[in-house]
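Student: What follows is a structure written as structure tokens; I'll ask about it next.
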Amino acid sequence: MTTLCGSIDTGSAPDDPDQTLCWQALGIAPTTDFAAIERAYAAQADLPTYWRDLVGAIRLRRLYQDALAAADRARPGGETFKSADLSRRILSTWNQGGDQALLAAWPAILDTLDKLHRDDWMYASKALAHVVLGNRALPLRFVDALRRHFVWAGIQGRWLCLSIEDTEELRQRMIQVIREVSALDAMTGLAMRDQSAAARL
């Protein structure tokens, strides 16, 4: 079968016995932090160089996958993850204790997420995206913490396996969250300056 583009020769993958090429390509030190790898890949893939170089973009994608695999192997243990359980726990904490209880629970939730292996971490990202989309009244700071952890603002549903509609809704929600957090931070900064000025009077 003939395709419009034909086959793309990306060349043979270079030997990388020490697994250093992936980290060099991403411009970061070796890490087990999937979110840091996602951010680094998004930053590199967004460079004009890769817009013009399809072969280079494909190689970068392979090295990014290598980095994720290396991070996954380096994570100790790994918890068994059930996305429905985590989602229920989050919503239960919120319903019973309100916004402050959910914000207080974030360190424990983050600890759980940091112990997951790659596939489970991806399932968590999808499950919690659905929690955010289905509960618009969730605390802004909590949603922003999830956004930052899963890099939802940059991935545009690349591996979330969301529907096109949900991907677009999540993207719009993250844009709104970024704006609201920026406005809140600006207001907090003004209030702190006003308090400081008043204290000097």
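Student: Roughly how many Å² of THR49 are accessible to a 1.4 Å probe, to the nearest 10?
Tutor: 80 Å²
Student: Which order do you get for TYR41, TYR64, TYR123 if you rank them by accessible area with a 1.4 Å probe, largest at the top?
Tutor: So, going from the largest accessible area down, we get TYR123, TYR41, TYR64.
Student: Estimate the FRET efficiency between ARG136 and ARG88 by the formula 1/(1 + (r/R0)^6), using the beta-carbon distance for r and 22 Å for R0, to the nearest 0.05.
Tutor: After rounding, the FRET efficiency stands at 0.75.
Student: Ignoring everything but the protein chains, give the 1.4 Å probe accessible area of MET122 in square angstrom, nearest 10.
Tutor: MET122 exposes around 50 Å² with every protein chain in place.
Student: Over region 85-181, with a single point scatterer placed on each C-alpha, what log10 of the ratio I(q)/I(0) does the Debye formula yield at q = 0.11, 0.15 1/Å?
Tutor: So the normalised log intensities are -0.29, -0.55.
The values are calculated or read from the model by the stated rules, or taken from the named source; none is laboratory data. These figures come from a predicted structure and were not determined experimentally. FYI the Cβ positions are ideal-geometry reconstructions off the backbone, even for glycines, and counts take in every protein chain you see. Each accessible area value is taken on the protein alone, full model and side chains, heavy atoms only, with ligands, DNA and RNA left out. Shrake-Rupley method; radii C 1.70, N 1.55, O 1.52, S 1.80 Å.
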